[in-house]
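To start, the structure under review is shown below, and the notes come after it.
The values are calculated or read from the model by the stated rules, or taken from the named source; none is laboratory data. Please read all numbers here as calculations on a predicted model, not as lab measurements. Counting neighbours? That spans all protein chains shown, and the Cβs are built from the backbone with ideal geometry, glycine included. Heavy atoms of the whole protein, side chains included, go into the accessibility calculation; ligands, DNA and RNA do not. Shrake-Rupley method; radii C 1.70, N 1.55, O 1.52, S 1.80 Å.
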Amino acid sequence: MLIEHQQLKSFLLDAGLITENQFDQALKIAKREKKKIEEILVSKKLINQEDLNKLKAYILGIPYISLEEEIVDPEILKIIPEPIAKKNNIVAFKKKGQELQVAMLDPEDLKIIDFIKKKSNLKILPRLTNKKSIENILSQYQESLQAKFGKFLKKETEEIIKETEEIKTVFPGEIVEEKADLEKKAQEISIISIIDTILNRAILRKASDIHIEPMEKEILIRYRIDGILRDVMILPVSLKSGIVARIKVLSNLKLDEHRLPQDGRFKIETENYKYSCRISILPVHYGEKTVIRLLSETAKPLTLEVLGLRGLGLEKMQRSLKKPVGMILVTGPTGCGKTTTLYSVMAILNKPEVNISTVEDPIEYCMPKINQTQVNPQIGLTFANGLRALLRQDPNILMVGEIRDKETASLAINAALTGHLVLSTLHTNSATGAIPRLLDMKIEPFLLSSTLNLILAQRLVRRLVDEKQEYKLNKEELENLSKYCDLKKIEEILRKEKLLTEKQTLSDIKFYRPQPSKKAPEGYKGRIGIYEVLEVSESIKNLIQKKASADEIQRKAQEEGMRLMIEDGFIKAGLGLTSIEEVLRVIIE
């Protein structure tokens, strides 16, 4: 199965992926550095890894497979022990009768194939794959929560020692603790393993938050995935103090403080991911409730288009970002993606000729060339005090994590008046609702009208996977929808978007419902934003100065082309990105 250099060269030249001179130069480097020719070709960007993998699979006559989204049966997965899988980049993913399909990065490694064949007593069918596929399958080696906890909660110390002796036999090179130490640490091992498993499974399932909630007779573990809280495990109430204590130790919090709320953070770092965990511990009736916010430190800001902004709304945002002064506000409830939107905006504005400074609580993502300050009220570093200090740092652009009070609002408005572009968030249900909210904070109407450039309100809806059910709205469904929106207006907007012809009505357009599957049990995966973008025009400024109501401002904005969130949601439902039920869930419920 070994690919000779000349054979690889011939196929690369025939495919037009490389020139003869490029290959010869790469071969010289490979021999000099004692590396594989494939490593040099990829590192020198003469060919990308995906094309090389597919070509190698073709030469060797074995299938190439992508497993980046695959979920593997745990019984099949454990045929190859995790240490062996990690060390050799090989995973089992499908078994039929006595045939086992394995995916690997190096199908020329005959030694490991032969080892697995002897160990499993199965016929091995190798498949070539990519690194992301291997990482996805390796991440699934964590046992299910029920199995993992059941093992630790039911095992006696003697069983743990017996298991350790078995590990010692299989992997004699491992350092194994003495029997006496294991007996003392049995309970500690259980708690540490429970916390590690809760965290690892949450990361694997792409949860944003973990809730550990003590109740009268049990502990409830819940994950927030795609904005929805899901029950994942119930633990014995006897573990309550141990779990909270372990999290406090990791977060460097006071172990003996049980009456006051505490906030902290710690990091999780492996070869595959790096997360910052923000901890909030709150005394409740049956103990202390813990919420862990998971923030990926390797995540990069998304573009506005990927977030879901499009059409006229995107044009308005781009127009506002070109203005050197003024204020851009992003509004919505907690967890609707406001901060993510601001990070995307800062990524666009982050150029060598400008100084961007932020004051945040917390710093969710570290961004290069941006000066980010963490709020710390315990030492007097509030949003207001932090903003005052930032104004002496010669900034061009300021990002204030949230406008919570009159003092912060006044400082942000003054910063926008004195030659800065200010970005911030506000908790309101609509774009026009931000204006009366700021007026309630005693901001003068003339100051608001002079500084506000744009207000963007948003929600996050779950994104449908490719397998989805197609349907059309019936009379009963249309009558129900008419309670929440203007159907004639919706039809007009869908015609402008070319989703409806002039003769068609809402009952003619294809919408979609989720189709549950193994990969997506609820038919959704990931989220996308729905928006309403209020550009502060001269007519809107006049209404602000007159202290007009939110409804009056909204009517005028709609006359000037602003689309409501529910209307943007219908467009995305018509495009098959989400469902109507999901749009109504985040806006109406």
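Collect the residues in segment 409-428 that are closer than 19 Å to T339 by Cα and either touching a residue at least 40 places away in the same chain (Cβ under 8 Å) or of a type in the set (K, R) (or both), keeping them in residue-number order.
Taking segment 409-428 and keeping what is closer than 19 Å to T339 by Cα, we get 409, 412, 421-428.
If the condition is that a residue be closer than 19 Å to T339 by Cα and either touching a residue at least 40 places away in the same chain (Cβ under 8 Å) or of a type in the set (K, R) (or both), then A412, L421, V422, L423, S424, T425, L426, H427, T428 are the ones that fit.
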Test L342 against the criterion of being closer than 25 Å to L460 by Cβ, touching a strand residue (DSSP E or B) at 6+ places or on another chain (Cβ under 6 Å) and in a strand (DSSP E or B), and give yes or no.
-> no
For segment 297-320, state whether one or more residues are open to solvent by 40 Å² or more (accessible area, probe 1.4 Å), in contact with a strand residue (DSSP E or B) (Cβ under 6 Å, 6 or more places away or on another chain) and either over 30 Å from L239 (Cα atoms) or in a strand (DSSP E or B) (or both).
-> yes
Check whether at least one residue in segment 383-402 is under 30 Å from I571 (Cα atoms) and touching a Lys or Arg at 6+ places or on another chain (Cβ under 9 Å), and report yes or no.
-> yes
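Please verify whether segment 82-96 includes one or more residues that are under 36 Å from the mean Cα position of the chain (by Cα), in a helix (DSSP H, G or I) and modelled with pLDDT under 85. Reasoning before the result, please.
Applying the first criterion (under 36 Å from the mean Cα position of the chain (by Cα)) to segment 82-96 yields 82-96.
Subsequent filtering for residues that are in a helix (DSSP H, G or I) retains 82-88.
Now drop any that are not modelled with pLDDT under 85, which leaves 82-83.
Yes; the residues of segment 82-96 include at least one that is under 36 Å from the mean Cα position of the chain (by Cα), in a helix (DSSP H, G or I) and modelled with pLDDT under 85.
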Mind checking whether some residue in segment 528-535 is open to solvent by less than 40 Å² (accessible area, probe 1.4 Å), among the small types (G, A, S) and in contact with a helix residue (DSSP H, G or I) (Cβ under 9 Å, 6 or more places away or on another chain)?
-> yes
Might you check whether a residue that is under 30 Å from A434 (Cα atoms), touching a strand residue (DSSP E or B) at 6+ places or on another chain (Cβ under 9 Å), in contact (Cβ under 8 Å) with a residue 12 or more places away in the chain and buried (at least 21 other Cβ atoms within 10 Å of the Cβ) occurs anywhere in segment 539-546?
-> yes
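I need the full set of residues from segment 379-397 which are part of a helix (DSSP H, G or I) and either in contact with a His (Cβ under 8 Å, 6 or more places away or on another chain) or of a type in the set (V, I, T) (or both), in order please.
First, the residues of segment 379-397 that are part of a helix (DSSP H, G or I): 379, 383-390.
I379 - this is the single residue of segment 379-397 that is part of a helix (DSSP H, G or I) and either in contact with a His (Cβ under 8 Å, 6 or more places away or on another chain) or of a type in the set (V, I, T) (or both).
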Would you mind telling me which numbered condition in (1) in contact with a helix residue (DSSP H, G or I) (Cβ under 7 Å, 6 or more places away or on another chain); (2) surrounded by 14 or more Cβ atoms within 10 Å (Cβ to Cβ) E502 fails?
-> (2)
Filtering segment 241-284 down to residues that are among the hydrophobic types (A, V, I, L, M, F, W, C) and in a loop (DSSP other than H, G, I, E, B) yields L253, L255, L260
Count of segment 199-223 residues which are at pLDDT below 90 and β-branched (V, I, T) = 1
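Quick check on my filter: what residues within segment 513-527 are on the phi < 0 side of the Ramachandran plot, of a type outside the set (D, E) and either surrounded by fewer than 17 Cβ atoms within 10 Å (Cβ to Cβ) or in a helix (DSSP H, G or I) (or both)?
Of segment 513-527, the ones on the phi < 0 side of the Ramachandran plot are 513-522, 524-525, 527.
Among the residues that remain, those that are also of a type outside the set (D, E) are: 513-521, 524-525, 527.
Residues satisfying the conditions are R513, Q515, P516, S517, K518, K519, P521.
So which helices (runs of 4 or more DSSP H) stay within segment 1-80 end to end and still have 2 or more residues that are within 32 Å of the chain's Cα centre (by Cα) and touching a residue at least 24 places away in the same chain (Cβ under 8 Å)?
Numbers: elements: 5-14, 20-33, 37-43, 49-60, 74-77.
Qualifying helices (runs of 4 or more DSSP H): 49-60, 74-77.
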Of the residues T358, T373, which is in contact (Cβ under 8 Å) with a residue 12 or more places away in the chain and either open to solvent by less than 40 Å² (accessible area, probe 1.4 Å) or over 22 Å from I413 (Cβ atoms) (or both)?
-> T358
Cβ pairs under 6 Å, 6+ apart or interchain, first in segment 292-314 and within 23 Å of G569 (Cα to Cα), second open to solvent by 80 Å² or more (accessible area, probe 1.4 Å) and at pLDDT below 90, ordered by first then second residue, are none
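Give me the residue from segment 388-423 that is within 22 Å of P436 (Cα to Cα) and acidic (D, E) and, out of that set, surrounded by the fewest Cβ atoms within 10 Å (Cβ to Cβ). I'd like the intermediate steps shown before the answer.
Taking segment 388-423 and keeping what is within 22 Å of P436 (Cα to Cα), we get 399-417, 421-423.
Filter once more, keeping what is acidic (D, E): 402, 405, 407.
On the way: E402: 18, D405: 12, E407: 16.
Top of the filtered list is D405.
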Restricting segment 280-291 to residues that are open to solvent by less than 40 Å² (accessible area, probe 1.4 Å) and either in contact (Cβ under 8 Å) with a residue 60 or more places away in the chain or among the basic types (K, R) (or both), the one farthest from N200 (Cα to Cα) turns out to be G287
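Can you find even one residue in segment 536-555 that is within 21 Å of the chain's Cα centre (by Cα), part of a loop (DSSP other than H, G, I, E, B) and not basic (K, R)?
Checked segment 536-555: no residue is within 21 Å of the chain's Cα centre (by Cα), part of a loop (DSSP other than H, G, I, E, B) and not basic (K, R).
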Could you tell me whether any residue of segment 102-114 is closer than 18 Å to I59 by Cβ, part of a helix (DSSP H, G or I) and open to solvent by 50 Å² or more (accessible area, probe 1.4 Å)?
-> yes
Can you spot a residue in segment 25-41 that is touching a Lys or Arg at 6+ places or on another chain (Cβ under 6 Å) and open to solvent by 70 Å² or more (accessible area, probe 1.4 Å)?
-> no
Within segment 82-101, track down each residue that is open to solvent by 30 Å² or more (accessible area, probe 1.4 Å) and either in contact (Cβ under 8 Å) with a residue 12 or more places away in the chain or of a type in the set (F, W, Y) (or both).
-> E82, P83, K86, N88, N89, K94, K95, Q98, E99, Q101
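Sort out which residues of segment 446-488 are of a type in the set (K, R) and either buried (at least 17 other Cβ atoms within 10 Å of the Cβ) or closer than 16 Å to L584 by Cβ (or both), and write them in order of number.
First, pick out the residues of segment 446-488 that are of a type in the set (K, R): 459, 462-463, 468, 472, 475, 483, 488.
Those that are of a type in the set (K, R) and either buried (at least 17 other Cβ atoms within 10 Å of the Cβ) or closer than 16 Å to L584 by Cβ (or both): R459, R462, R463, K468, K483.
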Per the list (1) free of Cβ contacts under 8 Å to residues at least 60 places away in the same chain; (2) within 16 Å of T425 (Cβ to Cβ), residue check on A347 breaks on (2)
Working only within segment 236-277, note down all residues that are closer than 16 Å to N200 by Cβ, surrounded by 15 or more Cβ atoms within 10 Å (Cβ to Cβ) and either without any contact (Cβ under 8 Å) to a residue 12 or more places away in the chain or in contact with a strand residue (DSSP E or B) (Cβ under 8 Å, 6 or more places away or on another chain) (or both).
-> I243, I247, L250, F266, I268, Y273, Y275, S276, C277
Could you look through segment 549-585, keep only residues that are among the hydrophobic types (A, V, I, L, M, F, W, C) and touching a Pro at 6+ places or on another chain (Cβ under 9 Å), and pick out the one that is most open to solvent (accessible area, probe 1.4 Å)?
-> A550
